[in-house]
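What follows is a set of notes on a single structure, which appears directly below.
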Amino acid sequence: MSKFIVVHTSWYEEYINDMKEIISEELAGLEVSFYEVPGSLELAAMGERILKEYHKDTGLEGIIFCGVVIRGETTHYELVTTETFREIGNLALDHPWIAIINNVICVENEEQLKIRNKKNTLNNVKALKTLAKSKNEL
């Protein structure tokens, strides 16, 4: 059976729950496991830990990372977004046989998040399925 992993943050629980629901619906009938981390900076570390437990022949097809980063009044936003995206990108390069999708939504304010959350998550989980399928065909 195909297996997918969702690694998500604990911040902005309402929006993360929406993401999890969309992903569960889109991957219905497949095995999906959820892992929670405190924040976006911890996403890739959990992904690496999970990937160390799986080998190419275990049925793990993909991981989607979910989080929300809203710009504040400090430079923290730049640090968090830059490092989070870099580390998730590095995971994808280090583990090319696994479909890895970044669904960390970075916005200026909560209004933007309300507009983008569901659409981005749906598009990204569809991309996860497509990427997993194409990696299986190689």
Of the conditions (1) touching a Lys or Arg at 6+ places or on another chain (Cβ under 6 Å); (2) open to solvent by less than 70 Å² (accessible area, probe 1.4 Å); (3) modelled with pLDDT under 95, W97 fails just one. Which one is it? (2)
N109 meets each of (1) open to solvent by less than 90 Å² (accessible area, probe 1.4 Å); (2) touching a residue at least 24 places away in the same chain (Cβ under 8 Å); (3) under 24 Å from L51 (Cα atoms) with one exception, condition (3)
Within segment 61-94, residues open to solvent by 80 Å² or more (accessible area, probe 1.4 Å), among the hydrophobic types (A, V, I, L, M, F, W, C) and closer than 20 Å to N124 by Cα come out as F85, L93
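Residues are listed down the side, and each one gets a yes or a no for (1) at pLDDT below 95; (2) at positive phi; (3) not in a loop (DSSP other than H, G, I, E, B):
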{"residue": "A28", "(1), (2), (3)": "no, no, no"}
{"residue": "E36", "(1), (2), (3)": "no, no, yes"}
{"residue": "A44", "(1), (2), (3)": "no, no, yes"}
{"residue": "K52", "(1), (2), (3)": "yes, no, yes"}
{"residue": "E83", "(1), (2), (3)": "no, no, yes"}
{"residue": "L93", "(1), (2), (3)": "no, no, yes"}
{"residue": "R116", "(1), (2), (3)": "no, no, yes"}
{"residue": "K119", "(1), (2), (3)": "no, no, yes"}
Please specify each residue of segment 1-60 satisfying the condition of being open to solvent by less than 40 Å² (accessible area, probe 1.4 Å), of a type in the set (A, V, I, L, M, F, W, C), over 12 Å from I98 (Cβ atoms) and in contact (Cβ under 8 Å) with a residue 40 or more places away in the chain. V6, V7, I16, M19, I22, I23, L27, L43, A44
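The values are calculated or read from the model by the stated rules, or taken from the named source; none is laboratory data. Note that the structure is a prediction, hence the values are computed from the model and not measured. Here the Cβ is made from the backbone with ideal geometry for all residues, glycine too, and neighbour counts use every protein chain on show. Accessible surface is based on the protein model in full, side chains and every heavy atom, while ligands, DNA and RNA are left aside. Shrake-Rupley method; radii C 1.70, N 1.55, O 1.52, S 1.80 Å.
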